[in-house]
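The values are calculated or read from the model by the stated rules, or taken from the named source; none is laboratory data. Keep in mind it's a predicted model, so treat the numbers as computed, not measured. When we count neighbours, we look across all protein chains shown, and the Cβ atoms used for this are built from the backbone with ideal geometry, even at glycine. Accessible surface areas use protein heavy atoms only, side chains included; no ligands, DNA or RNA. Shrake-Rupley method; radii C 1.70, N 1.55, O 1.52, S 1.80 Å.
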Amino acid sequence: MSRLTITDLHVRVEDKEILKGVSLTLKSGEIHALMGPNGNGKSTLLAAIMGHPRYTVTQGDIFLDDVSIKDWSVDQRSKAGLFLGMQTPQEISGVTNADFLKAAINARREQPIALFPFIKAMEAATKKLGMKEDLAHRFLNEGFSGGEKKRNEILQMVLLKPKFALLDEIDSGLDVDALKVVSSAILDVYKEESCGLLIVSHYGRFYDLVTPTHVHVLAEGVIIAEGDKSLADQIDAKGYDLLLKQHGVEIKKEREKAQLLGTCARSKK
Amino acid sequence: MKKENDVLQSQDSYQYGFADEDVSVVRLDKGISEEVVREISRIKEEPKWMLEFRLKAYKAFKEMPMPAFGPDLSSLNFDDYTYYIKPSDKVTNSWSEVPESIKNTFDRLGIPESEKDFLAGVATQYDSEAVYHNMLKEVEDKGVIFLDTDSGLRQYPELFQQYFNTIVPYQDNKFAALNSAVWSGGSFIYVPDGVKLEKPLQSYFRINAQRMGQFERTLIIVGKGADVHYVEGCTAPIYSKDSLHAAVVEILIQEGGRCRYSTVQNWSDNILNLVTKRARVQTKASMEWIDGNVGSLTNMKYPCCVLAGEYARGMCISIAVAARRQVQDAGAKMIHLAPHTSSNIISKSVSRVGGKVNYRGLVYMDQKAVGSRAKVECDTLILDHQSTSDTVPVNSVMAKEATLEHEATVSKISEEELFYLMSRGLSRAQATEMIVMGFIQPFTRELPMEYAVELNQLLKLDMEGSIG
């Protein structure tokens, strides 16, 4: 049983404070949904947990099994069992998926994986995600469609078997059938490894497939509401407005944007 | 005579024995003069025309100015160098003098003992002679000539004289003139009409048997419809105490012929490498330069295709990697002289830990080159703040209905890319290395398998420890 604990986390990007004191505990075998309107810090939280250099932790801490990982390098966190499935995976030209995945697998092993078991694992994962066989020889994400990139993220999760997987809008860009394939691959890892999941998604249908045990709503850099799957269902049915009103939260950013656009809108009239 | 003792000892201890019967030591004094040029020709027992040619070239060398472009060569003093050492006496080092860094690289690349001695300039030959002779037997049956250039001149004087100095005339530039005056070694290749060689001809085996020269002169003649792939040198670092290298490569490809010339120069970092490489490509023929520049202190090399016949094609795919004090000034030249010719330049440059890497290229389309196409793509990756790069392309189009595309990018490794790879467990150094290897992949994929593997290995070793 592992535990990922976020305590009073404040995170800054350049001069702007995005997270203003987020606390959250994620245990093995739990599925947490992180919801909230756009631009309110969901991706920031995931990236900060993974140690993205653009995000500076100014207060609070991140613990993995009671050890602070706040100052760990990104690769250390990965090797300790964290995985971030990204919203926009990078394209790395000239590097094949196979070479990359082998290096990633070997990074967490003492002895490098032998060629045959690697090929078998790669083939099995490729099949599970419904991807084409030439995947191993294609360059990492280069020329991939949005859906292929997302599948490739989960393929990496399948092969790297993390303790905690942070999935950032992994369902966007997937059609209904692809969503089923990806969800079932995620659930397989979840069951086999009994890992913990922290999921950012806007869509109820994804939460129907991967059912959260906990739901958090993040707005204006703080968690304003917590609950179970029914909270996600409520948001899916009614949107965020009611919830925001109940908690007295005004989304400043949206208003600033609206003001900026104001002149433009008037002149058009 | 300590040095000679070292030499003798290293030869005695050489497990495959030293087989040269000629033990006379021929080493000219330092510096270059008419006397030196005459002496070189005399020792080689060359025909009179070659002596006269060398003397003409020497005169031109003296009169010609240094290049008005490129890296600073002001510290070059032509009197500091020895211009001829008889091949059997090329052993001028002892193992203890070979820099530690080179020894370590040999060890880590897993290069066999005998080969290490050779590459470090401690031995003059190693056991690849058998491979060389087998290869020779195979191609000789097809009428192919594959010799070192001195033997080429001796054994095929007429053929040699017909083509020598026709692609790169000695007046071309100061270093071509120098090479013409004092050249030794290199490859002489003749592929008769219609002969297509499936396996590459590799100078690796020839030079291992005959020792690489300082002023190599290579002449390749590809007959009509013939096809050859020539692989020069090897990717392992080559240590030489003689620190000025000025080679000339001349290639003629006749109608419908094809030639590919692959090389990865990896001289030790004390070498000035100033090379003129040019191919004349006739009607419907094609030339491909696969040109890697990893080693040497200062490198100036711009492989050239003169597209002289209709529908001739030229290609140059190159990489240049500069670190520390290195200056890589490399690129390609495509000269379109006939209608419907096409050319393609792909250049990948990497500078790091204070290296300087420049792309310098020329695409010229003559008035006659109607309907020709050229594409230039040069990408540079700068890995840190100490390192620099310049791109100096010259594109000149005189022809009507011609197309020239030029794309250039200069980039750093992005934090997002590093983050992505590191989030899967790769260290910063591993991630950087992977991105760099991916960046030069368009070059490495063109190399024969074993060279590509060796090059990757080599660059990886070189990058370890240099990234924070």
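Among the conditions (1) more than 14 Å from every other protein chain (Cβ to nearest Cβ); (2) within 17 Å of B:Ile319 (Cα to Cα), the only one that B:Glu401 does not satisfy is (2). A residue that is more than 10 Å from every other protein chain (Cβ to nearest Cβ) and more than 23 Å from the chain's Cα centre (by Cα) cannot be found anywhere in region A:140-162.
The test for being modelled with pLDDT under 75 and open to solvent by less than 80 Å² (accessible area, probe 1.4 Å) holds for B:Glu129. Please work out if B:Lys348 is out of contact with any strand residue (DSSP E or B) (no Cβ under 9 Å at 6 or more places or on another chain) and closer than 30 Å to B:Lys284 by Cβ. The answer is no for B:Lys348. Among the conditions (1) out of contact with any helix residue (DSSP H, G or I) (no Cβ under 9 Å at 6 or more places or on another chain); (2) closer than 30 Å to B:Ser268 by Cα; (3) not hydrophobic (A, V, I, L, M, F, W, C), the only one that B:Ser343 does not satisfy is (2). Residues of region B:374-404 being more than 27 Å from the chain's Cα centre (by Cα) and either surrounded by fewer than 18 Cβ atoms within 10 Å (Cβ to Cβ) or free of Cβ contacts under 8 Å to residues at least 60 places away in the same chain (or both), which ones? Correct list: B:Asp384, B:His385, B:Gln386, B:Val397, B:Met398, B:Lys400, B:Glu401, B:Thr403, B:Leu404.
Within region B:223-237, one or more residues are in contact with a Cys (Cβ under 9 Å, 6 or more places away or on another chain), open to solvent by less than 10 Å² (accessible area, probe 1.4 Å) and modelled with pLDDT of 95 or more. Scanning region A:81-92 for residues that are within 9 Å of chain B (Cβ to nearest Cβ) and at pLDDT below 95 turns up just one, A:Thr88. Could you tell me which of the residues A:Ser78, A:Ser68 is among the hydroxyl-bearing types (Ser, Thr, Tyr) and facing chain B (nearest Cβ under 8 Å)? Just a single option satisfies the conditions, and that option is A:Ser78. None of A:Ser145, A:Ser184 is under 26 Å from A:Gly39 (Cα atoms), open to solvent by 50 Å² or more (accessible area, probe 1.4 Å) and not aromatic (Phe, Trp, Tyr) except A:Ser145.
Remark: A:Thr5 falls outside the filter, which requires a residue to be surrounded by fewer than 21 Cβ atoms within 10 Å (Cβ to Cβ) and within 14 Å of chain B (Cβ to nearest Cβ).
Filtered by the rule that a residue be in contact with a strand residue (DSSP E or B) (Cβ under 8 Å, 6 or more places away or on another chain), modelled with pLDDT of 95 or more and open to solvent by 10 Å² or more (accessible area, probe 1.4 Å), region B:176-195 gives B:Tyr190, B:Val195. Within region B:442-459, can one find any residue that is touching a residue at least 12 places away in the same chain (Cβ under 8 Å), more than 30 Å from B:Glu198 (Cβ to Cβ) and within 14 Å of another protein chain (Cβ to nearest Cβ)? No, there is no match, as no residue in region B:442-459 is touching a residue at least 12 places away in the same chain (Cβ under 8 Å), more than 30 Å from B:Glu198 (Cβ to Cβ) and within 14 Å of another protein chain (Cβ to nearest Cβ).
Among the residues of region A:107-125, those identified as in contact with a helix residue (DSSP H, G or I) (Cβ under 9 Å, 6 or more places away or on another chain) and either small (Gly, Ala, Ser) or within 14 Å of chain B (Cβ to nearest Cβ) (or both) are A:Ala107, A:Arg108, A:Pro112, A:Ile113, A:Ala121, A:Ala124, A:Ala125. Would you check if there is a residue in region B:325-337 being aliphatic (A, V, I, L, M), assigned to a loop (DSSP other than H, G, I, E, B), open to solvent by 10 Å² or more (accessible area, probe 1.4 Å) and touching a residue at least 12 places away in the same chain (Cβ under 8 Å)? Yes, region B:325-337 has at least one match. Scanning region B:405-420 for residues that are open to solvent by less than 20 Å² (accessible area, probe 1.4 Å) and facing another protein chain (nearest Cβ under 7 Å) yields B:Phe419, B:Tyr420.
Taking (1) surrounded by fewer than 21 Cβ atoms within 10 Å (Cβ to Cβ); (2) at pLDDT below 95; (3) not β-branched (Val, Ile, Thr) in turn, B:Leu455 satisfies each apart from (1).
Taking region B:260-292 as the range and being part of a strand (DSSP E or B) and more than 14 Å from B:Cys305 (Cβ to Cβ) as the test, the residues that pass are B:Ser262, B:Thr263, B:Val264, B:Gln265, B:Trp267, B:Leu272, B:Asn273, B:Leu274, B:Val275, B:Gly292. All conditions in (1) at pLDDT below 95; (2) under 16 Å from the mean Cα position of the chain (by Cα) hold for B:Gln210, with the sole exception of (2).
Rundown of residues vs (1) at positive phi; (2) in contact with a helix residue (DSSP H, G or I) (Cβ under 9 Å, 6 or more places away or on another chain), yes/no style:
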residue	(1), (2)
A:Glu169	yes, yes
A:Ser183	no, yes
A:Val189	no, yes
A:Phe206	no, yes
A:Val210	no, yes
A:Val215	no, yes
A:Leu231	no, yes
A:Tyr240	no, no
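Have a look at B:Arg258, B:Arg278 and point out the one that is open to solvent by 20 Å² or more (accessible area, probe 1.4 Å), under 13 Å from the mean Cα position of the chain (by Cα) and touching a residue at least 24 places away in the same chain (Cβ under 8 Å). Step by step, each of B:Arg258, B:Arg278 is checked, and only B:Arg278 is open to solvent by 20 Å² or more (accessible area, probe 1.4 Å), under 13 Å from the mean Cα position of the chain (by Cα) and touching a residue at least 24 places away in the same chain (Cβ under 8 Å).
For region A:19-35, state whether one or more residues are touching a Lys or Arg at 6+ places or on another chain (Cβ under 8 Å), of a type outside the set (Ser, Thr, Tyr) and within 14 Å of chain B (Cβ to nearest Cβ). Scanning region A:19-35 turns up no residue that is touching a Lys or Arg at 6+ places or on another chain (Cβ under 8 Å), of a type outside the set (Ser, Thr, Tyr) and within 14 Å of chain B (Cβ to nearest Cβ).
B:Arg428: open to solvent by 30 Å² or more (accessible area, probe 1.4 Å) and basic (Lys, Arg), yes or no? Here the answer is yes, as B:Arg428 does meet what is asked.
Taken across region A:93-109, residues that are surrounded by fewer than 16 Cβ atoms within 10 Å (Cβ to Cβ) and under 20 Å from B:Gln430 (Cβ atoms) do occur, with at least one present. Is there a residue in region A:147-158 that is touching a residue at least 60 places away in the same chain (Cβ under 8 Å) and within 23 Å of A:Ile6 (Cα to Cα)? There is at least one residue in region A:147-158 that is touching a residue at least 60 places away in the same chain (Cβ under 8 Å) and within 23 Å of A:Ile6 (Cα to Cα).
Among the residues of region A:36-65, those identified as more than 13 Å from A:Ile199 (Cβ to Cβ), more than 14 Å from chain B (Cβ to nearest Cβ) and part of a loop (DSSP other than H, G, I, E, B) are A:Pro37, A:Asn38, A:Gly39, A:Asn40, A:Gly41, A:Asp65. Residues that are at pLDDT below 85, within 23 Å of B:Thr105 (Cβ to Cβ) and not charged (D, E, K, R) are absent from region B:274-284.
Across region B:51-70, the number of residues qualifying as free of Cβ contacts under 8 Å to residues at least 40 places away in the same chain and under 17 Å from B:Tyr83 (Cβ atoms) comes to 3. Per the listing A:Phe206, A:Phe164, the residue uniquely open to solvent by less than 10 Å² (accessible area, probe 1.4 Å) and at pLDDT below 95 is A:Phe206.
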